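Student: Please see the structure below; I have some questions.
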Amino acid sequence: MKPTTFHHRVPFYETDAMGVVHHANYVRYLELARIAWMDDHDRPYREYVAEGFHFSTTRVEVDYRRPAVFDDVVEVTTWLDWVRGASLAMRYELKRGPDLLATGATEHALVDTAGRPCRIPAAYRGRLAALAANGTKRVRPPRER
């Protein structure tokens, strides 16, 4: 597993009337961390875009444990969980020091600029599979209904 840790200092405008980070901001933190992971371990996202690709988000999951507040430094650690023919999944841990604030997961499908799904090119998929949490390509577990 090749993780990346992204640090984010919470500005006041991300908090709600209760003084805590509004839950929707956590999804933004996952996105920022995913792009940082790509920069560190794969290739800059802008290179995918230059080739006419995007990783469209198809699923987001966040489990909230403790609140973050103004001026906290939130550490978001992310890693690639699995990769398949046209999709991949990332996992996340959000901490403030030793305190676990949240965990998360996202799934993404590779699409062209018209939004049509396409397979991840074999060379990219192989490189990504080598970076996955277990070091190999794996099939995602079935979703619970």
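Values quoted throughout were computed directly from the atomic coordinates according to the rules given, and no laboratory measurement underlies them. Everything numeric here is computed off the predicted structure, so don't read it as measured data. Here the Cβ is made from the backbone with ideal geometry for all residues, glycine too, and neighbour counts use every protein chain on show.
Student: Any idea what % of Cα-Cα pairs in the range 4-131 are farther than 22 Å?
Tutor: Everything past 22 Å amounts to 38 percent.
Student: Further, regarding this structure: Applying the Karplus parametrisation 6.51 cos²θ - 1.76 cosθ + 1.60 with θ = phi - 60° to the phi angles of the range 123-130, what ³J(HN,Hα) value in whole Hz is obtained for each residue in order, glycine and proline being reported as x?
Tutor: Once rounded to whole Hz, the list reads 5, 5, 4, x, 5, 5, 4, 5.
Student: So if we plug the beta-carbon distance of D99 and T58 into 1/(1 + (r/R0)^6) with R0 = 35 Å, what FRET efficiency do we get, rounded to 0.05?
Tutor: The calculated FRET efficiency here is 0.70.
Student: Label-point separation (nm) for D39 and M18, each offset 7 Å from Cα along Cα-to-Cβ?
Tutor: Simple spin-label model gives 3.2 nm for this pair.
Student: Helix-only mean residue ellipticity at 222 nm, the chain, DSSP H runs n ≥ 4 weighted -39,500 (n - 2.57), per residue, nearest 500. What is it? Working shown, then result.
Tutor: Values: 3 runs with 34 residues, N = 145.
After summing the helix terms and dividing by residue count, I get -7000 deg cm²/dmol.
Student: Output the 0 to 90 degree angle, nearest 10, between the alpha-carbon long axis of helix 24-41 and the longest principal axis computed from the alpha carbons of the chain.
Tutor: With both axes taken from Cα atoms, the answer is about 50 degrees.
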